[in-house]
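Enquirer: Dropping a structure here in structure tokens format, bear with me for questions.
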Protein chains: 2
Amino acid sequence: MSDYSANMALSCPVPVGVSDLIRLGHGSGGKLTAQLIETVFLPELGNEVLNQLDDAALVSAGSTRLAVTTDAYVVNPIFFPGGDIGKLAVHGTVNDLSMRGAKPLYLAASFILEEGLRLADLKRIVKSMREACLESGVILIAGDTKVVNRGAADKIFITTTGIGVVEVDPAPSAVRAEVGDVVIASGDLGLHGMAIMCAREALELDTRIESDTASLHNLVAGLLTVGSSVHCLRDLTRGGLSSALNEIAVTSGTGIELDESVIPIHPEVQAACEILGLDPLYVASEGRLVAIVAPDHQGSALEQMRSNPLGRCATVIGRVVPSHSGRVVLKSRIGGHRILDKLSGEQLPRIC
Amino acid sequence: MSDYSANMALSCPVPVGVSDLIRLGHGSGGKLTAQLIETVFLPELGNEVLNQLDDAALVSAGSTRLAVTTDAYVVNPIFFPGGDIGKLAVHGTVNDLSMRGAKPLYLAASFILEEGLRLADLKRIVKSMREACLESGVILIAGDTKVVNRGAADKIFITTTGIGVVEVDPAPSAVRAEVGDVVIASGDLGLHGMAIMCAREALELDTRIESDTASLHNLVAGLLTVGSSVHCLRDLTRGGLSSALNEIAVTSGTGIELDESVIPIHPEVQAACEILGLDPLYVASEGRLVAIVAPDHQGSALEQMRSNPLGRCATVIGRVVPSHSGRVVLKSRIGGHRILDKLSGEQLPRIC
């Protein structure tokens, strides 16, 4: 071995394969996220509550049934048409509680701030959180602030944890999806994700697309008056409609069939998706949910949802079927079928 | 105005004063942190629970009294002698619940990962969290993972939120400190902070200083058998003993007087502090607490604490006094007095 190659051997670090490193796709909410959960988190930390992987965990404390959920928000940019990171963090956490049929009560928030963040920006975000809390009927009871040196974080990250009480029994859950159930979407898809992407890419479209971020607690409260026929609820965050339905299909062991011709997507969202090469069925809608409902309560569920401004355009988009268990299949406009798989990479990093 | 100056006016951003920006000191746990809380967070989000600023919030859910706390962990380096970011995150959150006399039950954890983090490092951290959970008697019920692009975070940040049930009434709280109470430290100070600093500065000392990170739930459970005379408990994280006692003095409106000659500090910690120009009374001890106890229960409190390995060296270090309300005063070895003020900058960024 020459001196040169000996020196190289000393100065070069041991090569690490890309499969040994965290990739953006591990945060997509798709295949790589599922793989990370299954191979890293559950083997060490798994238990019967965590293993359910629902939007919020249900546990007992004393004689009370609690719902608990936590989420980190790393959205970029931190201000976007229709909202900001603070509003999104409150809405997202309130919605995760609502999806388990819980009444949201309390929030805790931890802030990681980058040295050099403008105080005015922080104030604007905190003010926005206040408004979102008031509107959602929750109070913030605990907080924490850490500051890291310039370049060690990107402006601001917020983790919100929500606590609610569960008053319905059984609570909505992915395991309760049943063959024959209808799949209802509360409105059109993809607004949040495309608002972020357009802000990031500075796309100039004729009309500005705004995030649909909203607290869905009232929409859900109305829907739950229909009773225990509301089997499952999911908000459509990371990975959009396809990811939410894939999780439900896998967890319940059923198949889900969607009718492309009736899935509501605004023409501007569709156009922006086409420009960016994205599939709107995988794009986040922070103010939308899907409800899996027993067929005999389809009418009352739709009526309830449509009576709320956030569910005005609620519509049946598909059905739970006995075939292709664990999969979501799209019946296209021209009559073909295609499988809507989980995301295998990351099409929209830092969307929430 | 010349063309040149007109161009300058266009191309230069409006100058922003340093006082308009977040600084490292805003995360110190000292004066700037208090100022941020008072001027940014409380005016918007304040309520009777949040305003108490205790280690954990006490709230009701149904008929159950809950304690809730949240903390972001951004420690650098992520592995250090005696622990790692995962262990620290579990211990720190369990301890914040314990300080309110709560029995820790559940944890939620959110992870912000930097693209390129080694999976092996993440696995090691998660394994360490598992061990810390088992040892602390808590289960992790909810989690979330986000990935940000390379350079947008520093390896890994973890936010842990803890939920416990409060079975003592009244719960220990800073407001309950009373003139005449004794101040008991559970052991020697500064190990955690100096372990981090030595790891960061690659200080070569004869003996390796290890972090004292530990779950204090058993120590507290023993101490609480003494009864309601245990008025207040604080773990000694960011800002160390001085910051914890300053918070208690301000909240309770009492003065606190410490006797320097009896405050336990290991000679190696003292030596490392001198090399780095740090005051050990401001350095974090993640496995230590102070207890403020009614004087007639001093003996039984000490006995209880010393029966636990983590409180073996518990000792009375001072007293709550009627003079200099809201302040902590140190009686030095040579008989002088000096005020131990809140930290005004940041001496140890990213210590937890």
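The values are calculated or read from the model by the stated rules, or taken from the named source; none is laboratory data. Quick caveat: nothing in here was measured; it's all calculated off a predicted structure. Here the Cβ is made from the backbone with ideal geometry for all residues, glycine too, and neighbour counts use every protein chain on show. Accessible surface areas use protein heavy atoms only, side chains included; no ligands, DNA or RNA. Shrake-Rupley method; radii C 1.70, N 1.55, O 1.52, S 1.80 Å.
Enquirer: Can you work out ³J(HN,Hα) from phi for every residue in region A:45-55, in order, using Karplus 6.51 cos²θ - 1.76 cosθ + 1.60 and θ = phi - 60°, giving whole Hz and x for Gly and Pro?
Expert: Result, ordered by residue: 10, x, 7, 5, 7, 4, 4, 6, 6, 7, 5 Hz.
Enquirer: Percent relative contact order of chain B, based on C-alpha pairs within less than 8 angstrom and at least six residues apart? Walk me through the numbers on the way to the answer.
Expert: On the way: 774 pairs, mean separation 81.9, N = 352.
RCO, chain B: 23 percent.
Enquirer: Taking the Cα atoms of region A:44-169 alone, what are Rg (to one decimal) and Dmax (as a whole number) in Å?
Expert: 15.5, 48
Enquirer: Let's see if you can work this out: charge +1 on each Lys and Arg Cβ, -1 on each Asp and Glu Cβ, no other charges. What is the dipole magnitude of region A:67-136 about its Cα centre, in debye to the nearest 20? Present the calculation step by step, with values, prior to reporting the outcome.
Expert: Working: 8 positive and 8 negative charges, 47 e Å.
Computed about the Cα centre, the dipole is about 220 debye.
Enquirer: Please give the charge dipole size of chain A, origin at the Cα centre, charges +1 on K and R Cβ atoms and -1 on D and E Cβ atoms. Round to the nearest 20 debye. Don't jump to the answer; show the numbers that get you there.
Expert: On the way: 29 positive and 40 negative charges, 80 e Å.
In debye, rounded to 20, chain A gives about 380.
Enquirer: Need one number for the protein assembly as shown: average projected area of the convex hull over its C-alpha atoms, nm².
Expert: Details: hull surface 152.0 nm².
Averaged projected area of the protein assembly as shown's Cα convex hull equals 38.0 nm².
Enquirer: Still on this structure: Kirkwood hydrodynamic radius of region A:173-226 from all distinct Cα pairs, in Å? Before the final figure, lay out the partial values.
Expert: Details: mean 1/r = 0.0706 Å⁻¹.
Here the Kirkwood hydrodynamic radius works out to 14.2 Å.
Enquirer: Average projected area of the Cα convex hull of region A:174-339, in nm²?
Expert: Working: hull surface 36.9 nm².
Mean projected area of the Cα convex hull: 9.2 nm².
Enquirer: Which value at 222 nm does chain B reach when only helices count, each DSSP H run of 4 or more adding -39,500 (n - 2.57), with the total divided by all residues and rounded to the nearest 500 deg cm²/dmol? Walk me through the intermediate numbers first.
Expert: On the way: 10 runs with 102 residues, N = 352.
-8500 deg cm²/dmol, from helical runs alone.
Enquirer: What is the list of residues in region A:266-306 whose amide nitrogen lies under 20 Å from a point 7 angstrom out from the Cα of A:I334, following Cα to Cβ?
Expert: Answer for region A:266-306: A:270-271, A:274-275, A:277-281.
Enquirer: While we're here: How far is A:S63 from itself in the other copies, in nm, if each label sits 7 Å out from Cα along the Cα-Cβ line, shortest first?
Expert: 0.1
Enquirer: How large are Rg and Dmax for chain A when only the alpha carbon atoms are used, in Å?
Expert: Here Rg and the maximum Cα pair distance are 21.3, 80 Å.
Enquirer: Relative contact order for region B:174-339: what is it in percent, counting Cα pairs under 8 Å that are at least 6 residues apart? Mind dumping the intermediate values first?
Expert: Details: 366 pairs, mean separation 71.8, N = 166.
Computed value for region B:174-339: 43 percent relative contact order.
Enquirer: One decimal, nm, shortest first: give the distances between the label point of A:E274 and those of the same position in the other copies, each label point 7 Å from Cα along Cα→Cβ.
Expert: 7.6
Enquirer: Which residue, B:A202, B:P322, B:L50, has the largest displacement toward the positive end of the dipole of chain B when charges sit on each Cβ (Lys, Arg +1; Asp, Glu -1)?
Expert: B:A202
Enquirer: Please compute the Kirkwood hydrodynamic radius of region B:268-352 from all pairs of different C-alpha atoms, in Å with one decimal.
Expert: Working: mean 1/r = 0.0641 Å⁻¹.
Result for region B:268-352, one decimal place: 15.6 Å.
Enquirer: Charges at C-beta only: +1 for Lys and Arg, -1 for Asp and Glu. How large is the resulting dipole of region A:206-350 about its Cα centre, in Debye rounded to 20?
Expert: Working: 13 positive and 16 negative charges, 49 e Å.
Dipole of region A:206-350, to the nearest 20 debye: 240 debye.
Enquirer: So if each residue of separation counts as 0.36 nm, and I subtract the Cα-Cα distance between A:S19 and A:V175, what length gain in nm does that give?
Expert: Details: separation 156, 0.36 × 156 = 56.16 nm, distance 3.17 nm.
Residue separation times 0.36 nm, minus the Cα-Cα distance, leaves 53.0 nm.
Enquirer: Next question, about the same structure. May I ask which of A:K342/B:K146; A:K31/A:K123; A:K146/B:K127; A:K155/B:K31; B:K87/B:K155 have a Cα-Cα span longer than 28 Å here? Walk me through the intermediate numbers first.
Expert: Values: A:K342/B:K146 17 Å; A:K31/A:K123 37 Å; A:K146/B:K127 24 Å; A:K155/B:K31 22 Å; B:K87/B:K155 16 Å.
Cα-Cα > 28 Å for A:K31/A:K123; rest within.
Enquirer: Select from B:L245, B:A177, B:L189 the residue farthest towards the positive end of the dipole of region B:174-339; place +1 on Cβ of Lys and Arg, -1 on Cβ of Asp and Glu, and compute about the Cα centre.
Expert: B:A177
Enquirer: How crowded by other chains is B:128-140, given as the mean number of beta carbons from other chains within 10 Å of each beta carbon?
Expert: Averaged over the peptide's residues, the number is 2.
Enquirer: Here is a follow-up. Sorted from largest to smallest, which semi-axis lengths in Å does the alpha carbon gyration tensor of region A:7-118 give for its equivalent ellipsoid, taking the root of 5 times each eigenvalue? Before the final figure, lay out each step's value.
Expert: On the way: eigenvalues 221, 108, 34 Å².
Semi-axes, largest first: 33, 23, 13 Å.
Enquirer: Could you put A:R288, A:R23 in order of accessible surface area, largest first, with the 1.4 Å probe and the full protein assembly present?
Expert: Accessible-area ranking of A:R288, A:R23, largest first: A:R23, A:R288.
Enquirer: Inter-copy label distances at B:V18, 7 Å along the Cα→beta-carbon direction, one decimal in nm, shortest first?
Expert: With the label placed 7 Å along Cα→Cβ, B:V18 yields 4.4 nm.
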